[in-house]
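The values are calculated or read from the model by the stated rules, or taken from the named source; none is laboratory data. Quick caveat, the model's predicted, so the values are computed rather than measured. Quick reminder, even Gly has a Cβ in these numbers, built from the backbone with ideal geometry, and neighbours come from all protein chains shown.
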Amino acid sequence: MTYLVIRVRSDRGVTKKIRDTMAMLNLTKVNHAVLVPKNPSYDGMLQKVKDYVTWGEVETDTISALIRERGKMMGDRPVTDSDVKSNSDHSSIDSLSKAISSGESTTKDVEGMKPVFRLHPPRGSKGWGGIKRAYSVGGALGFRDEGISELAARMF
């Protein structure tokens, strides 16, 4: 399984440990997203930055749409099937998405693909729903399980 992690808040007034953890996750700016594998080391990192990011288990269709809509190669070119085929062992974006979803592959496997997805702020009347509250009480922060796909769709 793979997590989609989206940065919600800035690091103004944040301790150095949390700022360094967000840098290790490649989350340098608000509304940036990354795909990380589900393992204990990443789980610990996510618990450390839980007050500044939101994350959840992402489906193959959402990963595919994310790469097609917001994926960039070096030089700010959009990611295409031919880029994936020529720079990795995968034949298309869909096969890469399946491999990422199952945990067999990462975005690093495509040579020249940027690991960060730059997203729009959430569209719709709800927006973030409060960037200082947890998702469990109606805010935007912390673990949101399958709800991350709905949020990501509003941010493409």
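Out of everything in the range 19-51 that is among the basic types (Lys, Arg) and more than 21 Å from Met113 (Cβ to Cβ), what residue ends up being surrounded by the most Cβ atoms within 10 Å (Cβ to Cβ)? Among those that are among the basic types (Lys, Arg) and more than 21 Å from Met113 (Cβ to Cβ), it is Lys48. For first residues located in the range 130-155 and without any contact (Cβ under 8 Å) to a residue 40 or more places away in the chain, partners that are assigned to a helix (DSSP H, G or I) and loosely packed, with under 14 Cβ neighbours inside 10 Å and lie 6+ apart or on another chain with Cβ distances below 9 Å form the pairs Gly130/Val137.
Give me a count of the residues in the range 55-97 that are more than 28 Å from Gly44 (Cβ to Cβ), assigned to a helix (DSSP H, G or I) and not small (Gly, Ala, Ser).
Qualifying residue count, the range 55-97: 10.
Residue by residue, here is whether (1) on the phi < 0 side of the Ramachandran plot; (2) touching a strand residue (DSSP E or B) at 6+ places or on another chain (Cβ under 6 Å); (3) among the polar types (S, T, N, Q) holds:
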{"residue": "Asn26", "(1), (2), (3)": "no, yes, yes"}
{"residue": "Pro40", "(1), (2), (3)": "yes, no, no"}
{"residue": "Asp43", "(1), (2), (3)": "yes, no, no"}
{"residue": "Lys48", "(1), (2), (3)": "yes, no, no"}
{"residue": "Gly75", "(1), (2), (3)": "no, no, no"}
{"residue": "Val84", "(1), (2), (3)": "yes, no, no"}
{"residue": "Leu96", "(1), (2), (3)": "yes, no, no"}
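In the range 98-129, which residue that is of a type in the set (D, E, K, R) and in a helix (DSSP H, G or I) is farthest from Val30 (Cα to Cα)? Don't jump to the end; show me each part of the working.
Here is the first cut: in the range 98-129, the residues of a type in the set (D, E, K, R) are 98, 104, 108-109, 111, 114, 118, 123, 126.
Keeping just the survivors that are in a helix (DSSP H, G or I) gives 98, 108-109.
On the way: Lys98: 27, Lys108: 22, Asp109: 25 Å.
Among them, the one singled out is Lys98.
For beta carbons closer than 6 Å, sequence separation of 6+ or different chains, a first residue in the range 97-121 that is in contact (Cβ under 8 Å) with a residue 12 or more places away in the chain and a second that is crowded, with 16+ Cβ neighbours inside 10 Å and among the charged types (D, E, K, R), the qualifying pairs are Lys114/Lys72; Phe117/Arg70. Entry remark, the range 40-75: residues being basic (Lys, Arg) and either closer than 30 Å to Ser91 by Cα or touching a Pro at 6+ places or on another chain (Cβ under 7 Å) (or both) number 3 in total.
For the range 78-98, the set of residues classified as closer than 14 Å to Ile63 by Cα, of a type in the set (Gly, Ala, Ser) and buried (at least 19 other Cβ atoms within 10 Å of the Cβ) consists of Ser97 only.
Considering the conditions (1) in a helix (DSSP H, G or I); (2) farther than 15 Å from Glu59 by Cβ, Ser149 is excluded by exactly one of them, (2). Which ones in the range 122-144 are loosely packed, with under 14 Cβ neighbours inside 10 Å and at pLDDT 85 or above? Arg123, Lys132, Ser136, Val137, Gly138, listed by residue number. In the range 52-68, the residues that are closer than 19 Å to Lys29 by Cβ reach residues that are small (Gly, Ala, Ser) and modelled with pLDDT of 95 or more with C-beta atoms within less than 9 angstrom, at least six apart or across chains, in these pairs: Leu66/Ala33.
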